[in-house]
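So the structure is just underneath, and the comments pick up after that.
The values are calculated or read from the model by the stated rules, or taken from the named source; none is laboratory data. It should be emphasised that the depicted structure is a prediction, and the values quoted were computed from it without experimental measurement. Positions of Cβ are backbone-derived with ideal geometry, glycine not excepted, and every protein chain shown enters the neighbour counts. Areas reflect the complete protein model, heavy atoms only, side chains present, ligands, DNA and RNA absent. Shrake-Rupley method; radii C 1.70, N 1.55, O 1.52, S 1.80 Å.
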Amino acid sequence: MTVQVSGGDLQRLRQLNSLSSIRALREAREPLTLTELSARTGLSRASVVDVVTDLEQRGWIAEVPPAPGAMGRPAKRYRFRSDAGHVLGIDVGVHKVLAVITDLAGRIVASGRVAVDRHTAQRERLEAVWRAVDAALVAAGLGASDMWGVTAGSTGVVNREGLVTMVNDLPDWPGVDLVGHLGQRLACPITIENDSKLAALAEQRLGVAAGVQHLVYLHVGRRPGAALIIDGRLYHGFSGATGEVGLMEITGWSTMAGRLESGPAAKGAAPEEAARQVFGAARAGDLEAQAAVDAYARHLALGTAAMVLTLDPELVVLGGGFSRSADVLLPALRRALEPHCVRVPDIRPSTLGEECVALGGACLALDHVDDRFFSLEGSISSPAAPQRAS
């Protein structure tokens, strides 16, 4: 019996071979030889040669020069060209705007930071976004047209359409058109997301929760927040308001930082240093400071327990400014969770610091790049900055 293969089937087969080869090269820590690539993809050597030749011509991969002093004729090695494109992650916060540019492997190429505060008006905050972006672009030696995607993280509730609908700290921020603002100069796909959700994504991709499938992310600081990762994916819910347990007055989340910073242990400290002073005093054995930390942990535990009992996560990640004092806060939080939880999950502090939200934005932008170029529905064309649909 003769099996006929249509042109469409052959084209599909070539795309599948190219996708498997690109994934193998992207995931490899070192450049791969043709033999190694064949072993990782299960393709014949002849098929690998065809795929590699095509991908190199398209600009997705590059041959790596042999190591100096190599004897004989070394095997050719190839790497994925992570420098073929770049994405932009932006953290539009209450106290700073941070823009981070990464390559296609998620490695930071450059960043720009501009200080703002809760009194900065919407117009000035939007201008600060451009100043941070421009600083990052200049440092990277790139232009706005070189960006393949951008995701901005904003404080407040962000709905599924990317609209900021509720912000307690910034009265003039709800309803801000961040997509329209960024679209004035950036022609690539633009996404807006809640900052805690992006921080959770960054931790799950690049940080202390790498590879974890079920986690709760807590932003602990002067402005608390939370986010969920379920089955390895950022969870939005129906309207995008997941993780907003702090809106329930019974949790005390809206006032717990203020109580910590206004107690006797914070006496004499500047507002921005009050919490650090309390944690430091608790670390040194001050009983009043330890009582203040315990009270903060009890409030934090109420909202956290609600999410832990619902999700039963493998891990809780502690991020935000107070996570720098995790050595003091984590034991208190564990003790406060025990009466409420069937199982207290592992709790770890963030490893990504203040770049967490911007890095999460870059991760989400890279997801959109993958959907466009490296999915079964995508098109592996030559690298070019993807244009936003009109």
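When Arg324 is tested against (1) closer than 23 Å to Val212 by Cβ; (2) part of a loop (DSSP other than H, G, I, E, B), exactly one condition is not met: (2). Scanning the stretch 81-104 for residues that are in a strand (DSSP E or B), of a type outside the set (D, E, K, R) and open to solvent by 10 Å² or more (accessible area, probe 1.4 Å) yields a single hit, His86. Candidates Leu137, Leu104: the one that is in contact with a Gly (Cβ under 7 Å, 6 or more places away or on another chain), under 19 Å from Arg29 (Cβ atoms) and of a type outside the set (D, E, K, R) is Leu104.
Summed over the stretch 132-166, the residues that are open to solvent by 60 Å² or more (accessible area, probe 1.4 Å) and assigned to a loop (DSSP other than H, G, I, E, B) give a count of 4.
Listed by first and then second residue, the pairs with beta-carbon distance under 6 Å, at least 6 apart or on different chains, first residue in the stretch 229-241 and touching a residue at least 12 places away in the same chain (Cβ under 8 Å), second among the aromatic types (Phe, Trp, Tyr) and buried (at least 18 other Cβ atoms within 10 Å of the Cβ), form an empty list.
If you go through the stretch 167-177 one residue at a time, do you hit one that is over 21 Å from Leu247 (Cα atoms) and either open to solvent by 20 Å² or more (accessible area, probe 1.4 Å) or under 21 Å from the mean Cα position of the chain (by Cα) (or both)? The answer is yes, given that some residue of the stretch 167-177 is over 21 Å from Leu247 (Cα atoms) and either open to solvent by 20 Å² or more (accessible area, probe 1.4 Å) or under 21 Å from the mean Cα position of the chain (by Cα) (or both).
Out of the stretch 283-297, which residues are of a type in the set (Gly, Ala, Ser) and closer than 21 Å to Arg223 by Cβ? The answer is Ala292, Ala295, Ala297. Which of the residues that make up the stretch 261-292 are within 22 Å of Val167 (Cβ to Cβ) and crowded, with 21+ Cβ neighbours inside 10 Å? Within the stretch 261-292, Glu261, Ala275 qualify.
Matching residues to (1) touching an Asp or Glu at 6+ places or on another chain (Cβ under 7 Å); (2) under 13 Å from Pro313 (Cα atoms); (3) open to solvent by 10 Å² or more (accessible area, probe 1.4 Å):
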position	(1), (2), (3)
Tyr217	yes, yes, no
Gly221	no, no, no
Pro224	no, no, yes
Thr251	no, no, no
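Scanning the stretch 188-198 for residues that are closer than 30 Å to Tyr296 by Cβ and either open to solvent by 30 Å² or more (accessible area, probe 1.4 Å) or of a type in the set (A, V, I, L, M) (or both) turns up at least one hit. Residues of the stretch 178-226 that are basic (Lys, Arg) and either over 19 Å from the mean Cα position of the chain (by Cα) or closer than 30 Å to Thr255 by Cα (or both): Arg185, Lys197, Arg222, Arg223. Scanning the stretch 293-346 for residues that are among the β-branched types (Val, Ile, Thr), free of Cβ contacts under 8 Å to residues at least 40 places away in the same chain, buried (at least 17 other Cβ atoms within 10 Å of the Cβ) and closer than 28 Å to Gly232 by Cβ yields one hit, Val344. Across the stretch 178-187, the number of residues qualifying as surrounded by 17 or more Cβ atoms within 10 Å (Cβ to Cβ) and of a type in the set (S, T, N, Q) comes to 0. Would you check which residues across the stretch 33-61 are of a type outside the set (Val, Ile, Thr) and either open to solvent by less than 10 Å² (accessible area, probe 1.4 Å) or assigned to a loop (DSSP other than H, G, I, E, B) (or both) and list them? Across the stretch 33-61, the qualifying residues are Leu37, Gly42, Leu43, Ser44, Leu55, Gly59, Trp60.
Within the stretch 105-129, the set of residues being surrounded by fewer than 17 Cβ atoms within 10 Å (Cβ to Cβ), more than 13 Å from the chain's Cα centre (by Cα) and among the charged types (D, E, K, R) comprises Asp117, Arg118, Arg123, Glu124, Glu127.
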